[in-house]
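Here's the structure, in structure tokens; my notes come after.
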Amino acid sequence: MNKLVDARYGYSRRRLLQAFGASAVTALSIPLLGRPALAQPLFMNYPFQLGVAAGDPVADGFVIWTRLAPEPLAIGHGMPAQPVDVSWEVAADAGFKTIARKGTAIARPELGHSVHVEVAGLEPARPYWYRFQAGSERSLTGRARTTPPIGSRLDKVRFGVAGCQHYEQGLFTAHRNLAAEELDFVFFYGDYIYEGRGNRVWNGPNGPVENVRQYASQEIYSLDDYRRRYAQHKMDADLQAAHASAAWFVVWDDHETDNNWVSELDQDGTPANVFALRRQAAVQAFYENMPLRPTAFPVGAAMQLYRSATFGDLLDLSILDTRQYRSDQPCGDKWGAVCDTLDRADADVLGARQEAWALGRLSSSKARWKTFAQQVMMMDLDRDPGPAYVVNPDSWAGYRTPRNRLLGQIDRRKLSNVVVLTGDEHQNYAGELHLDGRNPGRRPIAAEFVTTSISSGGDGIEQRPDMAAIQAVNAQLKFNNAQRGYLVCDVTPERWVSDFKVLDRVTDRNGTLRSRAKLAVAAGDPRVVAA
Ligand SMILES: [Fe+2]
């Protein structure tokens, strides 16, 4: 037997090192009984390589997240198959001189050694700084703001909107810039990862384009696959900077699981019970890697993701999940001439429960601005400049019955100051919502701002070739641009201003950011106008 035998366990440190690989963790103080967490692990590689994050802020706290992964891309992420203690601190200052809250969480192997700490008891409407420690290793520092108390008078909120970060198609320069914006929070509308296999080249608008970097595997199906895909994204320092700069409200769209999935259906006709296994892996990995509260803890293939957030008396967010409860896309999910299933009476985007919740919040909200923060476009744009009427069947335009229920309620109740925030399209759009975009009413029902992508689609262009003609046949569409970037919303009681920030390129490190356009909505007037 090896000389390094630990008499308490009959297990050698050398064998531990062999078992856990180069970044082995070993325990210096394991109590004798039970299976307690490793309190003083030693790491041969830095265990906080995936960064830190905060999410879902309320007036007295937020959730803070990290995940121990000394070997991020290895199966088992370089950790022992054992729970490990992670201590955390939340401070009132960046130097951690005044500790407001602290404690210890357990990073469990069942959850990919992630921790989700719900911090409470903090003061409202102010910044805090947080960090973690495992053994003698300390994480980087993150910052998050608590919200103003619900109903309190609030003059201003400033937040970011981002999503769609294809790792291969562009660098995350937009996140580096987002991190410098001094935001109260970020809404992330989904496509945090993409599920496809690694590719060296892709078919860009002007011919083959070489990707700036590559996914490390083929298409992802298993929990280990999804964990590694998240790890590859999360090792990006620009993305880490954006997480560390503000608390995020994250939701998923389709690519966290599979392209254009809805409910129990994928696009390939996989049997529902088989696809549920993939969903279960995807849902677990999403939870493990996101700063979500334990209310979102996966239950099989399901997750409670829709939720609300309120900022004083100024802004009410209803954060929607348009994937999990949706009925199948109409028209075979193919773009083409209008098909009769667009009007299916039993179609659903939100599902009955979420829809009732969303409509109830619309009616009961006392905030000045009522916002749906969600995934797919609500404008029913005609995507064909010719005589045919073509909609994106994966957007709300493919689901006229539930779309009209939602917009009809706003219209009938004469609710004002409703703004919809959207992603998915990999283009920027600003426009107005009507029951029927082809026959708009005199007054729009609400405004919609669609944010482009962080990197998906590569460098992008000012406007896609067919878009000027498409804009000409869609009076409700006020702005379109196809570059990469994010949105910053500056909201006051009088006015909502959406600043579309775009990069000239994302395929090298020197991309420069500019404000491409500022579009505004005045309180009481849903028209989208230049700011
Ligand atoms: Fe996307």
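The values are calculated or read from the model by the stated rules, or taken from the named source; none is laboratory data. Quantities reported herein were computed from a predicted structural model and do not represent experimental measurements. Positions of Cβ are backbone-derived with ideal geometry, glycine not excepted, and every protein chain shown enters the neighbour counts. Just the protein is used for accessible areas: all its heavy atoms, side chains included, with ligands, DNA and RNA removed. Shrake-Rupley method; radii C 1.70, N 1.55, O 1.52, S 1.80 Å.
Around the amide H of residue 428, modelled in the peptide plane, lie the amide H atoms of 452, 481, 482, 483, all under 5 Å away and 5 or more residues distant in sequence or on another chain. Charges were assigned to the Cβ only: +1 to each Lys and Arg, -1 to each Asp and Glu. The resulting dipole of the chain about its Cα centre is roughly 1420 debye. Summing charges over all other residues whose Cβ lies under 15 Å from the Cβ of residue 432, with Lys and Arg as +1 and Asp and Glu as -1, gives 0. Can you figure out the FRET efficiency of residue 439 with residue 46, using R₀ = 45 Å and their beta-carbon distance, to the nearest 0.05? So the FRET efficiency works out to roughly 0.15. Here the calculated FRET efficiency for residue 125 and residue 366, from their Cβ-Cβ distance with R0 = 25 Å, stands at 0.90, rounded to the nearest 0.05.
Taking the highest mean first, how do the peptides 248-259, 469-480, 94-105 order by number of other beta carbon atoms within 10 angstrom per residue? Walk me through the intermediate numbers first.
Numbers: 248-259: 23.9, 469-480: 17.9, 94-105: 13.0.
Those peptides, ordered most packed to least, come out 248-259, 469-480, 94-105.
Partnerless cysteines in the chain, where a partner means another cysteine C-beta under 4.7 angstrom, comprise 164, 489. Within the accessible surface of the chain, defined with a 1.4 Å probe on protein heavy atoms only, the carbon and sulfur portion equals 51 percent. Each label point was placed 7 Å from the Cα along the Cα-to-Cβ direction; for residue 497 and residue 156 their separation is 0.9 nm. Between residue 346 and residue 504, the modelled labels are 5.6 nm apart [label points 7 Å from Cα along Cα→Cβ]. For the pair residue 180 and residue 416, a Förster radius of 35 Å applied to the C-beta separation gives a FRET efficiency near 0.55, rounded to the nearest 0.05.
Applied to the range 481-494, the Karplus parametrisation 6.51 cos²θ - 1.76 cosθ + 1.60 on θ = phi - 60° returns per-residue 3J(HN,Hα) values of 7, 10, 9, 8, x, 7, 10, 10, 10, 10, 10, 10, x, 8 Hz, with x for Gly and Pro. Farthest towards the positive end of the charge dipole of the chain, among the residues 63, 232, 481, is the Cα of 63, using unit charges on the Cβ of Lys, Arg, Asp and Glu.
Between residue 118 and residue 98, the modelled labels are 2.7 nm apart [label points 7 Å from Cα along Cα→Cβ]. The Cα center of the range 130-192 and the Cα center of the range 196-263 differ in position by 18 Å. Specify the inter-centroid distance of the range 422-478 and the range 326-400, based on alpha-carbon positions, in whole Å. Value for the Cα centre distance between the two parts: 14 Å.
The local environment of residue 327, defined by Cβ-Cβ distances under 9 Å, has a net charge of -1 under the rule Lys, Arg +1 and Asp, Glu -1.
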